[in-house]
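Contents: one structure, followed by commentary.
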């Protein structure tokens, strides 16, 4: 398309960048006083993003019409970073955006409804002090949501996922001066964090299975070869497939973001935020992110029937629970909030029964009517100057005051109730059909029946409480009207104190409020027509469009002929009955009524329970929060006294004092400075004059090679065995017959006489035994500090059997050792000793030293040479020879320096007549 | 004329400096000098950046290559120095005007000093090095003492000048010893003579020690650092920005080149070579710089000590050049580029925070500023986090590359020391943020009001862009640094 102004890829980038730009301008540049500019930039940029989204979507439609199976626009920006997998493979994490049939539609919803809500907010927030902050957050939210939706891989999606969570937190607590509102923000954040952990874990499970972060490759692998997903989880003893673990983790994330049992509790509290926020974030877009994620990865979810079952049941339970709470609530936004939770339950349950497309269809329709309902509620609150929320029993008769709001609200109520012909009817019908198909399928399942019945019941309650809300708010007479004013002597601009009722003279909002309502109301009626039931061979555009990006259960694709019409009729019948029944009941009970004649008939206990939201919050408080709080208090105290007080406090003190000391030399006097420099120069010169010896050892095959660190003008004298017997002959680099290559080196030949010392190397592994025992000239007790076998043997603990065994060997005697010319002498003193595996009894006359005759009587001496293994009790020792190799270095200025390195020989070197051996074992740091 | 093309960036600065002198005279001080200066510097940066990615020029006449290199290493520093100087002149455009100090010579001095810095970075001969060093130093002495009426500035300039002359003398003495030992002043020839073993060892070692002392002064290595806090604090803040980025880059550029080319082979390895010497300097410098910075109450002075600490990290990178030339050289280059933009950002934010009669210099001046003026706060935030080495900013990758080069060069213990001392650094950097966001001004204390200057804003946007860009796509910049390093070590 050469005629286009910009390429579709650039458009895709701009869709994401424009709202970010808006957030930056509004948040960092403009101030609260710059309302004029904020009002243009914030909705303008999002609106522009919407136009670009439409532009791209038309392109996608064109591609589809041209026969493309999977129309998509991809923009690879750059490789963000890459992970090194075990085994050496690289796993790149790309910043890539992709717009396909699924994300394309979601982008339209986010930008389209986003624009309308931005416009609405112009009117709604017009008296707000932090006007720019609000729009900066709203822009930032839109940007994050677009990143979430358009990301082509999991990590980038997670950036958006966290971003929307952050914005949600910021916007719920927008009026953070109010403590309850701020607390609501925190609650949302914490609930979401729990879920986010699940997303991360799920992400890594998917990498484990598919070796990629990209949705496209994960899904392709899941659709084509199930192998890597159904293999069992790589933890021994766990008979669970990788797909199940991944899906359950991801679903934990979904319960957080999409407010499902058990993490749904934050959403109703989230209504503390400004109403447009409730409409955009907590109804139309962010909360559906979880459903979006499940649809995005639908091929993976299809691999785990167990996880799907869990999802279906959780969704249904959520739908029922939330609907039952909504039935008895008093406040507009609270009812709408629980209705949102309930509707999200519908969507999740749809995914659980495999009807992903239906679930996402409900996301789509719900976005319109729920946004419209929230904005309608906001319009009513705006009209009566209610702050925070509005009690429906203090309203009534609003249809006289806010006409457009009334009509759009009515249409949206019909839509959400599932009145035939309206959008909600079609999407809900698809979901119920999915459940019915599973219930009546070949392997008729209990879960299917549970979902079908549960959702029908929830649909009935939905219709009922929505029309209860409608009738109480819009019909009858205004209960905070002029008569209330007379009674309380209020002035006409009393800003909605709840105990006194609201502004007695409601006024209609401006065009900013009515325009979005009208558009959304129209959408609430019409968008359902995109997915007419294809069982009756009606045109179902939705199914065909979603085919490329959402997986279907076999036999339930958009083109499959439905053979068994029973589930179709059942679903449609139940849906229609539920809708009409609920609306009818609400009409009878609440039309033009002032009092709540229904809820009084519910038994008091049950009513309280429902009104208190089944006391789930209290349950969490008692079971989870209280223990955690107690733990936190303990940790906090430890942290304050120990970590802060002693560790951090002391460190900080030491640092400050040494910092203060460091500045003491900074006297400001040039003399002092010059003196400092002179000292520095002298130091450098001193360093240059003096030689610096360093010796390292390398083993090349059988040959030991000593390397001295080179230095300019140095001469070296090597002393291979450190006995100082060699001539101190200093040779310079490259001098004489030796070619030293890059560094001066020396290849000594070792004979048995060269060993300077001997040691016992401990071969038995035990945490309390050292690696080696250095043996001195005189007799010493073979003793291990910290391991006293005499006392350890009294009560041998399970892991200290060593001491026990020692005591058996030692019979409470000391084993003595000493170093000799060619090995080690050992006096067992009655202990059981084996040399090279053979039990040896010490010879009584083995002791050459006369002064130890007394000891000789109680046990003779065993002489050990290099390489022999000796076993005392259950501990093995090997005798090793040690050589201290030395190099002397002399600098050009005449100074000298010496470095020594210790070489431990593994095997016995031969006597001086034989062939020399060089096998070295370990090398220690030079002892200077 | 074509043979001069490889040094076009230098000629650009010379001619711009001369032109500005005339321009200032003929417009009677009404010309937008900061703008013109910045354009000239950015043009020089652009010329060198273009050459950096072009094939190396051939047939460069010997009268250039004998004194000035035309390799990619020099080009890389052309870009860093010109960018740093451009940021400094933009900041000066806001700072000097706001505080009523604007006079034309400031920009001329910046241009000529930047020229000296570029000559230093390209020098392949001890004489060229010295000429560049003095061109740079004389300009900077005047820039420090630019506020003539301020006793503090004059004192700082005199101190800097006296100690600087001392350091130059030591350097020159070292150069003389090396010349006496080898009979050459060109780095490469010096290296060849020493490698062949024809140079008297004692002269070479003493000369090397003195050269290290002289250049150690310029990079403010402890104990040659003492001028730094006084000069940084007394100078106009735009000069502080210039010194901390341009002088430091040029000094490190020539330091690395001199050691790697002139004193390679035996002297670059082992316990007796310069890497071991620099390791000791690095340890002392980073520990001292970080500890002393903690005790400061003035942000400007804290930044002076922090620049000493950063010199310590850079010296560690320099020490690693002996064993791991490619990794360490590119790491040092990346670090200098990152430090240039980060430090310019923080000093720019400090300049922005003050207005006429109320210059912000201490922590207390910044109290609550981040909440009152989010944009100023954001500039500080990004810059300070980068200096601290917090991902994903340029500073993080700078530290990362330098420390990993040190680890590869088997300096594990030193790297641990560096990481620990940069943890101390977090203390005083975060203190800036604490004051910006969590404190409120004391009762009756003057409240900082940010100045309005599009020069400053542009400089900050430019610096912040690079800080974030180098943090988000570090590989691209590291590749450039690697290419530049390969120009030096072959």
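Looking across the range A:661-675 at every residue that is surrounded by 11 or more Cβ atoms within 10 Å (Cβ to Cβ) and either touching a strand residue (DSSP E or B) at 6+ places or on another chain (Cβ under 8 Å) or in a helix (DSSP H, G or I) (or both), the one that is farthest from the other protein chains (Cβ to nearest Cβ) is identified as A:675. The selection criterion, being more than 7 Å from chain A (Cβ to nearest Cβ) and more than 30 Å from residue B:146 (Cβ to Cβ), does not hold for residue B:209. For residue A:72, the criteria (1) away from every other protein chain (no Cβ under 14 Å); (2) surrounded by 18 or more Cβ atoms within 10 Å (Cβ to Cβ); (3) in contact with a helix residue (DSSP H, G or I) (Cβ under 7 Å, 6 or more places away or on another chain) hold in every case but one, which is (3). Within the span defined as the range A:682-695, one or more residues are in contact (Cβ under 8 Å) with a residue 24 or more places away in the chain, more than 8 Å from chain B (Cβ to nearest Cβ), surrounded by 17 or more Cβ atoms within 10 Å (Cβ to Cβ) and under 30 Å from residue A:719 (Cβ atoms). Just one residue in the set A:49, A:23 is part of a helix (DSSP H, G or I), at pLDDT 90 or above, within 14 Å of another protein chain (Cβ to nearest Cβ) and surrounded by 15 or more Cβ atoms within 10 Å (Cβ to Cβ); that residue is A:23.
Being more than 9 Å from every other protein chain (Cβ to nearest Cβ), crowded, with 24+ Cβ neighbours inside 10 Å, in contact with a strand residue (DSSP E or B) (Cβ under 6 Å, 6 or more places away or on another chain) and in a helix (DSSP H, G or I) is a description that does not apply to residue B:245.
You will find that of B:20, B:81, B:47, the residue that is closer than 22 Å to residue B:133 by Cβ and either modelled with pLDDT under 90 or crowded, with 18+ Cβ neighbours inside 10 Å (or both) is B:81 and no other.
If you check A:832, A:876 for being farther than 30 Å from residue A:747 by Cβ and either touching a helix residue (DSSP H, G or I) at 6+ places or on another chain (Cβ under 7 Å) or at pLDDT 85 or above (or both), only one passes: A:832.
Between B:427, B:396, the distinction of being within 14 Å of chain A (Cβ to nearest Cβ) and within 19 Å of the chain's Cα centre (by Cα) belongs to B:396 only.
Does the range B:160-175 contain any residue that is assigned to a helix (DSSP H, G or I), away from chain A (no Cβ under 14 Å), touching a residue at least 40 places away in the same chain (Cβ under 8 Å) and farther than 26 Å from residue B:28 by Cβ? Within the range B:160-175, one or more residues are assigned to a helix (DSSP H, G or I), away from chain A (no Cβ under 14 Å), touching a residue at least 40 places away in the same chain (Cβ under 8 Å) and farther than 26 Å from residue B:28 by Cβ.
Could you list, ordered by first residue, the pairs with Cβ atoms under 7 Å in which the first is in the range A:865-893 and more than 19 Å from residue A:823 (Cα to Cα) and within 14 Å of chain B (Cβ to nearest Cβ) and the second is modelled with pLDDT of 85 or more and assigned to a loop (DSSP other than H, G, I, E, B), at least 6 apart or interchain? Between residues of the range A:865-893 that are more than 19 Å from residue A:823 (Cα to Cα) and within 14 Å of chain B (Cβ to nearest Cβ) and residues that are modelled with pLDDT of 85 or more and assigned to a loop (DSSP other than H, G, I, E, B), the close pairs are A:887/A:693; A:889/A:691; A:889/A:693; A:890/A:691; A:891/A:690; A:891/A:691. Quick check on residue B:216: is it outside any helix (DSSP H, G or I), within 8 Å of another protein chain (Cβ to nearest Cβ) and buried (at least 22 other Cβ atoms within 10 Å of the Cβ)? Spelling it out, it is not the case that residue B:216 is outside any helix (DSSP H, G or I), within 8 Å of another protein chain (Cβ to nearest Cβ) and buried (at least 22 other Cβ atoms within 10 Å of the Cβ). Considering (1) buried (at least 24 other Cβ atoms within 10 Å of the Cβ); (2) over 23 Å from residue A:389 (Cβ atoms), the lone condition that residue A:302 does not fulfil carries the number (1). Screening residue B:265 with (1) closer than 14 Å to residue A:712 by Cβ; (2) more than 10 Å from chain A (Cβ to nearest Cβ) gives one miss only, at (2).
Residue-wise test of (1) more than 13 Å from every other protein chain (Cβ to nearest Cβ); (2) surrounded by fewer than 23 Cβ atoms within 10 Å (Cβ to Cβ); (3) in contact with a strand residue (DSSP E or B) (Cβ under 7 Å, 6 or more places away or on another chain).
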| position | (1), (2), (3) |
| --- | --- |
| B:282 | yes, no, no |
| B:296 | no, yes, no |
| B:304 | no, no, no |
| B:308 | no, no, no |
| B:330 | yes, no, no |
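The single condition from (1) at pLDDT below 70; (2) touching a strand residue (DSSP E or B) at 6+ places or on another chain (Cβ under 7 Å); (3) within 14 Å of chain B (Cβ to nearest Cβ); (4) buried (at least 17 other Cβ atoms within 10 Å of the Cβ) that residue A:733 fails is (2). Filtering A:714, A:750 for residues that are away from chain B (no Cβ under 14 Å) and either within 22 Å of residue B:276 (Cβ to Cβ) or modelled with pLDDT of 75 or more (or both) leaves a single hit, A:750.
Pairing residues of the range B:101-115 that are under 12 Å from residue B:23 (Cβ atoms) with residues that are not in a helix (DSSP H, G or I), at Cβ distances under 7 Å and at least 6 apart in sequence or on separate chains, gives B:104/B:29.
Yes/no matrix, rows are residues, columns are (1) at pLDDT below 90; (2) in contact with a helix residue (DSSP H, G or I) (Cβ under 7 Å, 6 or more places away or on another chain); (3) surrounded by fewer than 17 Cβ atoms within 10 Å (Cβ to Cβ):
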position	(1), (2), (3)
B:435	no, yes, no
B:443	yes, no, yes
B:447	yes, no, yes
B:452	no, no, yes
B:458	no, yes, no
B:462	no, yes, no
B:470	no, yes, no
B:488	yes, yes, no
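Mind checking which residues of the range B:182-200 are within 11 Å of chain A (Cβ to nearest Cβ) and crowded, with 20+ Cβ neighbours inside 10 Å? Of everything in the range B:182-200, those that are within 11 Å of chain A (Cβ to nearest Cβ) and crowded, with 20+ Cβ neighbours inside 10 Å turn out to be B:194, B:199.
The values are calculated or read from the model by the stated rules, or taken from the named source; none is laboratory data. None of these values were measured; they are calculated from a predicted model. Ideal geometry is used to build each Cβ from the backbone, glycine not excepted, and the neighbour counts take in all protein chains shown.
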